[in-house]
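Report on one structure; see the data block that follows.
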Amino acid sequence: MATRIGMDTIELQTPVFAESYAAVGGALENGGLLQGKLARVFDDATLGLDSWEKAEAQLQQAAADAALLRAGRKGADVDLHIAGDLLGQCSASMFAGRGLGIPFAGVYGACSTMALSMAMGALMLESGAVGTVLAGTSSHFCAAEKQFRQPLEYGGQRPPTAQWTATAAGAVLLSAAGDAPKITQLQFGRVVDLGVKDAHNMGAAMAPAAANTIGAFFRDTRTMPADYDLILTGDLGLVGSDLLRQLLLSDWGVALGNNHKDCGLLLYHEEQANEINAGASGCGCSAAVLCGEILPLIAAGHLTRVLFVATGALLSSVSPLQGESIPAVAHAVLIEGQK
Amino acid sequence: MQTSTEQYKTMVETASPNSPLAINMLKAFACGGAVCVLGEGLGLLYARLGADDERTRTLVAITLIALTAVLTALGVFDKIARHAGAGTIVPITGFANAVTSPAMEFQSEGRILGTGANIFKLAGPVLVYGGGAAVLYGVIYWLMHR
């Protein structure tokens, strides 16, 4: 049985294993860190379909199919599919689920979905209720712009704090038995809101949630940043990463070192910075970096203790217009390799 | 110590880079000026072809709108506008782009409830308040010249 340690953190008595994992993405996502590491690359943003929403569903299904293929499993072998995305009613996940035929549980955590779906999957596996769980998420630049911002061809200017929604998806097949990487501890974050209203500054909106989850995780587990090879935040970008360091220091007395990295700053190359401004974002950002780069590094023994903290901005398409500030959440999963 | 909302506001302002205002304004001035020069050139052309003043003005506006619509459809306009900013948004080009871009975007929801319902999604406020202002001005004008 999983046990609670401290106020917020949950420890798994028997670890849960990442049996296989895969990331897919668009041409831009294949240009940076993940070059050559994506299971599939889609050069055409439409994926040959007639809407951005269908393209995103296809993207998510492609990641799921790739993860299943790598494990040598079929959809029928999987007991539960947990997924979510940014689109209304999590439609990309639902439509991907239609093609997979696995019992499905939809979740919404905005860009924190990869950590959320993995944490929920790990708990269900540990309970013994299921033997394998497919956890995944996706985002698509064009679909997200259409829903949350302006039409794609609208001639607006993006402020330097704006982030670029990644066109990418990731999927992890979790299993009760197997080899590293393994999930040993996790934490569902609290919803935190420090009053940021600027929907073009998501990093600033999410940094307090990340600081709260990371600070609470260190407190509960009696650890400090040096105890980890990598503290990987989801998509705080340039502005949010800076604010996270300040908040952890002022509110928790924790100084983050160079072992903190942010997927939003890892995904794209610096030469792509003209377009992406303050970094990458979207559910697919942390999902693709985790599944395409970090999990393989853990499996190969290059990393042994990675605290994965994906962050999500919980605004809706109407809440900023109603004058609401942006609540955010961060979920943490501790992923370990062979000691 | 817990950071307060007020303290965090200051931290965010310090941490967030500002838009490069001077460069943006310079680019907007140059691009907006270029649109006006183009309009003026078209005006001279139509006048030479024999159009009277009123018809020339209409033809210039139609040409700029058509040009913007084509550039938007080709996916070029937003790339120019990323640099031009207000230089392309404020002239009639901005209005044309604001109508064309949602018309393209919502094609996937069909001609009626997609394109038809969303075509004025961005330009709607201009139509509503522009029309409203025109009515108000008309009433004042009528009262003064009665």
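The values are calculated or read from the model by the stated rules, or taken from the named source; none is laboratory data. Computed from a predicted model, the values in this text were never measured in an experiment. Glycine also receives a Cβ, built like all others from the backbone with ideal geometry; neighbour counts cover every protein chain displayed. Remember, those area values only see protein heavy atoms, side chains included, never the ligands or the DNA or RNA. Shrake-Rupley method; radii C 1.70, N 1.55, O 1.52, S 1.80 Å.
A compact table of results
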{"item": "Over chain B: helical MRE at 222 nm, DSSP H runs n ≥ 4 each giving -39500 (n - 2.57), nearest 500", "result": "-24000 deg cm²/dmol"}
{"item": "Fraction of beta bridges assigned by DSSP in segment A:182-336 that are antiparallel (%, nearest 5)", "result": "70 percent"}
{"item": "Anisotropy class of segment A:3-175 from Cα gyration tensor, a/c 1.5 cut", "result": "prolate"}
{"item": "Cα-Cα over 25 Å, subset of A:K37/A:K182; A:K37/A:K261; A:K146/B:K79; A:K54/A:K182", "result": "A:K54/A:K182"}
{"item": "Overall dimensions of segment B:21-144 by Cα: Rg and Dmax, Å", "result": "16.9, 50"}
{"item": "Rounded percent of accessible protein surface that carbon and sulfur make up, segment A:182-336, 1.4 Å probe", "result": "52 percent"}
{"item": "Calculated FRET efficiency for the pair A:L49/A:D251, C-beta based, R₀ 60 Å, to 0.05", "result": "0.85"}
{"item": "Segment A:75-160: C-alpha gyration tensor shape, a/c 1.5 cut-off, then a/b vs b/c", "result": "prolate"}
{"item": "Per residue accessible area of the protein assembly as shown, 1.4 Å probe, in Å²", "result": "45 Å²"}
{"item": "Between helix B:92-105 and chain B: long-axis angle, C-alpha atoms, 0 to 90°, nearest 10", "result": "70 degrees"}
{"item": "Considering only the protein assembly as shown, percent of DSSP beta bridges that pair antiparallel, nearest 5", "result": "65 percent"}
{"item": "At least 50 Å² of accessible area lost relative to the chain alone, listed for segment A:187-207 with a 1.4 Å probe", "result": "A:L194"}
{"item": "Estimated buried accessible area (total), pair A and B, 1.4 Å, Å² to nearest 100", "result": "2600 Å²"}
{"item": "Most to least packed among A:258-267, A:34-43 [average Cβ atoms within 10 Å]", "result": "A:258-267, A:34-43"}
{"item": "Rounded, prolate or oblate (a/c below 1.5 giving rounded, otherwise prolate when a/b exceeds b/c) for the protein assembly as shown by Cα gyration tensor", "result": "prolate"}
{"item": "Heavy-atom accessible area, 1.4 Å probe, ligands and nucleic acids excluded: residues of segment B:78-102 down by at least 40 Å² from chain alone", "result": "B:D78, B:R82, B:I89"}
{"item": "Point-charge dipole on Cβ atoms (K/R +1, D/E -1) for segment A:182-336, about Cα centre, debye to 20", "result": "460 debye"}
{"item": "Helix axis angle, B:53-73 relative to chain B longest principal axis, alpha carbon, degrees", "result": "40 degrees"}
{"item": "Helix-only mean residue ellipticity at 222 nm for chain A, each DSSP H run of n ≥ 4 adding -39500 (n - 2.57), per residue, nearest 500", "result": "-9500 deg cm²/dmol"}
{"item": "Contact order relative to length of chain A, as percent, for alpha carbon pairs under 8 angstrom and 6 or more apart", "result": "25 percent"}
{"item": "Inter-chain Cβ neighbour average for residues B:15-21, partner chain, 10 Å", "result": "6"}
{"item": "DSSP beta bridges in segment A:3-175 [antiparallel fraction, %, rounded to 5]", "result": "60 percent"}
{"item": "With every protein chain in place, segment A:1-119: carbon and sulfur % of accessible area (1.4 Å)", "result": "53 percent"}
{"item": "At 0.692 mPa s and 37 °C, Stokes diffusion of segment A:182-336 via Kirkwood alpha-carbon radius, µm² per second", "result": "211 µm²/s"}
{"item": "Average partner coverage of B:59-67, which counts Cβ from other chains inside 10 Å", "result": "0"}
